[in-house]
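Written out below as structure tokens is the structure these notes cover.
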Amino acid sequence: MKSYWREADELLGVLIDTTYGIDDDGIDFSDTNGQVQISGTNDKMKIQRAMKDAEPQDWMRTDMRVALGSLFAEYYRKLCDDSRSGRPLRKMTVIVLTDGLWEGTLEKKDVAENIVDFVRKVFNIFGTLEERPVTIQFIQFGQNIEATSRLRFLDKHLSPTYGIP
């Protein structure tokens with residue numbers, strides 16, 4: 001992903017501008033290697049500094065299963081807390097800027113299974129998935145055929161393979 005970082009940073013700026021004000025508690029930002037995390041801000045400069053701080057080094061290898069797992073666990077914890085306390089349940093949109101290589105992920109299929117497990121847990125709280133309580137969007141940088149195939153599977157085949165929308 002390092003070779004696409006400038007383009008990813010530019011896209012992040014566009015995404016921030018486009019989504020500004022949609023989320024009343026601000027944008028959360030975290031990198032996939034667990035180095036940088038920001039919660040609840042609408043400060044574009046703060047997010048862009050975080051993006052700069054998160055720039056991958058040559059030695060970094062992303063384990064997307066772990067990265068998404070941490071994110072999912074935190075959201076699920078908040079959902080459980082809100083559900084128990086009677087607070088409104090908040091929807092979540094995850095946008096992953098990626099080359100899709102995920103060289104630190106030993107079993108790439110584990111990412112799909114991680115997503116499926118998470119969606120099923122969310123369903124148990126919301127009782128339905130029709131209102132789309134969680135949206136996960138992968139935006140690919142680069143032209144790696146294997147990575148594109150992996151991301152296409154996550155986009156098109158989770159529903160027929162695992163029975164989730």
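The values are calculated or read from the model by the stated rules, or taken from the named source; none is laboratory data. Bear in mind the structure is a predicted one, so any value in this text is a computation, not a measurement. Don't worry about glycine lacking a Cβ; one is built from the backbone with ideal geometry, like all the others, and counts go over all protein chains shown.
Return yes when Thr135 is within 13 Å of the chain's Cα centre (by Cα) and either outside the structural domain of Trp5 (by TED's automatic domain parsing) or not in a strand (DSSP E or B) (or both) and no when it is not.
yes
Among what's in the stretch 62-121 and is assigned to a loop (DSSP other than H, G, I, E, B) and of a type in the set (Val, Ile, Thr), pick the residue that is farthest from Gly40 (Cα to Cα).
Per the criteria, the residue is Thr105.
Of these, Asp9, Asp63, which one is touching a Phe, Trp or Tyr at 6+ places or on another chain (Cβ under 9 Å), surrounded by 12 or more Cβ atoms within 10 Å (Cβ to Cβ) and not polar (S, T, N, Q)?
Exactly one residue qualifies, and that residue is Asp63.
Just to be sure before I move on: is Phe72 aromatic (Phe, Trp, Tyr), at pLDDT below 90 and either out of contact with any Gly (no Cβ under 8 Å at 6 or more places or on another chain) or closer than 22 Å to Asp23 by Cα (or both) in the structure I sent? Break it down into steps so the answer makes sense when it comes.
Numbers: aromatic (Phe, Trp, Tyr): yes; at pLDDT below 90: no; either out of contact with any Gly (no Cβ under 8 Å at 6 or more places or on another chain) or closer than 22 Å to Asp23 by Cα (or both): yes.
When the stated conditions are applied, Phe72 does not pass them.
Just one of (1) surrounded by fewer than 15 Cβ atoms within 10 Å (Cβ to Cβ); (2) at negative phi trips up Ala50, so point out which.
That leaves (1) as the condition not met.
Which residue, of Thr41, Thr62, is without any contact (Cβ under 8 Å) to a residue 24 or more places away in the chain, more than 17 Å from Asn124 (Cβ to Cβ) and of a type in the set (Val, Ile, Thr)? Spell out the reasoning first.
On the way: Thr62 fails: without any contact (Cβ under 8 Å) to a residue 24 or more places away in the chain.
Result of the check over Thr41, Thr62: Thr41.
Check whether at least one residue in the stretch 71-86 is more than 14 Å from the chain's Cα centre (by Cα), hydroxyl-bearing (Ser, Thr, Tyr) and assigned by TED's automatic domain parsing to the domain that holds Glu103, and report yes or no.
Yes, the stretch 71-86 has at least one match.
Restricting attention to the stretch 81-90, does a residue exist that is touching a strand residue (DSSP E or B) at 6+ places or on another chain (Cβ under 9 Å) and hydrophobic (A, V, I, L, M, F, W, C)? Give the steps one after another, and end with the answer.
Here is the first cut: in the stretch 81-90, the residues touching a strand residue (DSSP E or B) at 6+ places or on another chain (Cβ under 9 Å) are none.
No, there is no match, as no residue in the stretch 81-90 is touching a strand residue (DSSP E or B) at 6+ places or on another chain (Cβ under 9 Å) and hydrophobic (A, V, I, L, M, F, W, C).
Please enumerate the residues belonging to the stretch 16-41 that are of a type outside the set (Val, Ile, Thr) and surrounded by fewer than 15 Cβ atoms within 10 Å (Cβ to Cβ).
Hits for the stretch 16-41 are Asp17, Tyr20, Gly21, Asp24, Asp25, Gly34, Gln35, Gln37, Ser39, Gly40.
Looking only at residues in the stretch 117-153 that are surrounded by fewer than 17 Cβ atoms within 10 Å (Cβ to Cβ), of a type in the set (A, V, I, L, M) and touching a helix residue (DSSP H, G or I) at 6+ places or on another chain (Cβ under 8 Å), which one is farthest from Arg90 (Cα to Cα)?
Top of the filtered list is Ile139.
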